[in-house]
Amino acid sequence: MASALPSGDMGAAEANSGNGGQMQKKPFTFNEIVLRNRLTALVVDGDNFCRLLEQGILQAYGLETQSVNNGDAAVELIASGAKFDLILIDMLLPILDGVEATRRIRAMGMRCKMLGVTACSGERERQAFLAAGVDVFVEKPLGPEILIPVLRELDGQV
Amino acid sequence: MENLRQQIAEMRQSFFDEEILDKQFYQLELLEKRGNPNFVEEVLTVYFRESTTLLQTIEQAIETEPIEPVKVDRMLYKLKGSSANIGANKVRNNVTKTRQLVEGGNLEGAKAAFQELRNEHANLRAKLELYFQQLRQACPAETASRPVPAEVILHDARPGDHRSRSC
């Protein structure tokens, strides 16, 4: 049985967009996207559930994914030569936090799209994560209004 | 059967109207429609299993003096993230409130807020269990390797369970 859709447009929804950008209010829409290219993603999250869910979401969009549960493992993976089109990285991570891990990944020359996906919502945290090198600061959850434009860009559909 | 489906639709709508769930839950449902059957139930099963354990651990930490605010905050941070990821709006808001009180050193306030959080979590679980139970009743033609009651689904994921709710 198909689930009944919520009525209306579910109201305006806040969307965090980074790039040093500002908070925007957009109506929620779900746009289908079919990837033309093989895209890979790394999910870095210390919480098992969040890691599995974010991987599941990316896989549903057609990406190939890997995941690690701490910042140090992420840095080591990149240092070993692994390459990704997209990295989702949480801020508070075991062993090595997301801000420092991001800094080290960028210092290695990795220029892929990095989304800082975190439960933190403060402006100070946002600035710190952006300064470390994430392209977009996203307060969890990572919604389609942020993800789909990123995927379109990575897939060359823009 | 039509009455049941109407009831299910109204129940589901009430989750959004009462702001128990937000648009993230809707995204999970849409992702299920993209060819990943049982995605929502599987996600929720894992969420409730892990969040229930986490709540117990947080409660122990809050009741043990002296409280370790950094340790408690880290656990609440995890809970906030996972709750946000399933669209559990009220639970997430309760977590935020509890975190703020812990951070502010208001221990008694934090304990009270934590009890609200536990109650909201239990409320969400009960409502979703009933919802999926009714969905299963409305879709008797589902394919299943082994039928599992909804309350078991949301308590304990069994390896190898694959169910389709298309009907």
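The values are calculated or read from the model by the stated rules, or taken from the named source; none is laboratory data. Keep in mind that this is a model prediction, so the values were computed, not measured. Virtual Cβ from ideal backbone geometry, glycine too; neighbours counted across all protein chains shown.
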#### Entry: Scan of segment B:63-74 for residues that are among the β-branched types (V, I, T) and either modelled with pLDDT under 95 or more than 15 Å from B:E108 (Cβ to Cβ) (or both), ordered by number
B:T64, B:I67, B:V70
### Message
I'd like to know if segment A:125-135 contains one or more residues that are of a type in the set (K, R), surrounded by fewer than 18 Cβ atoms within 10 Å (Cβ to Cβ) and assigned to a helix (DSSP H, G or I).
### Response
no
#### Entry: Matching option when the condition is touching a strand residue (DSSP E or B) at 6+ places or on another chain (Cβ under 7 Å), at pLDDT 90 or above, within 14 Å of chain B (Cβ to nearest Cβ) and more than 24 Å from B:R12 (Cα to Cα), among A:T102, A:T65, A:T40
A:T65
### Message
I want to confirm something. Restricting to segment A:68-84 and keeping residues that are under 17 Å from A:V134 (Cα atoms) and in contact with a strand residue (DSSP E or B) (Cβ under 7 Å, 6 or more places away or on another chain), which single residue is nearest to the other protein chains (Cβ to nearest Cβ)?
### Response
A:G71
### Residue check for B:G109: surrounded by fewer than 19 Cβ atoms within 10 Å (Cβ to Cβ), in contact (Cβ under 8 Å) with a residue 12 or more places away in the chain and more than 14 Å from chain A (Cβ to nearest Cβ)
no
### Of residues in segment B:73-83 being surrounded by fewer than 23 Cβ atoms within 10 Å (Cβ to Cβ) and in contact (Cβ under 8 Å) with a residue 12 or more places away in the chain, the one nearest to B:R12 (Cα to Cα)
B:Y77
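Quick check, is B:A122 under 19 Å from B:A9 (Cα atoms), free of Cβ contacts under 8 Å to residues at least 12 places away in the same chain and among the small types (G, A, S)?
Judged against the criteria, B:A122 is not a match.
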### Task
Please verify whether segment A:81-103 includes one or more residues that are surrounded by fewer than 20 Cβ atoms within 10 Å (Cβ to Cβ) and among the polar types (S, T, N, Q).
no
### Query
Would you pick out the residues in segment B:34-65 that are surrounded by fewer than 17 Cβ atoms within 10 Å (Cβ to Cβ) and touching a strand residue (DSSP E or B) at 6+ places or on another chain (Cβ under 9 Å)?
B:P37
### Query
Quick one: would you say A:L142 is crowded, with 17+ Cβ neighbours inside 10 Å, under 16 Å from the mean Cα position of the chain (by Cα), under 24 Å from A:L39 (Cα atoms) and at pLDDT below 95?
yes
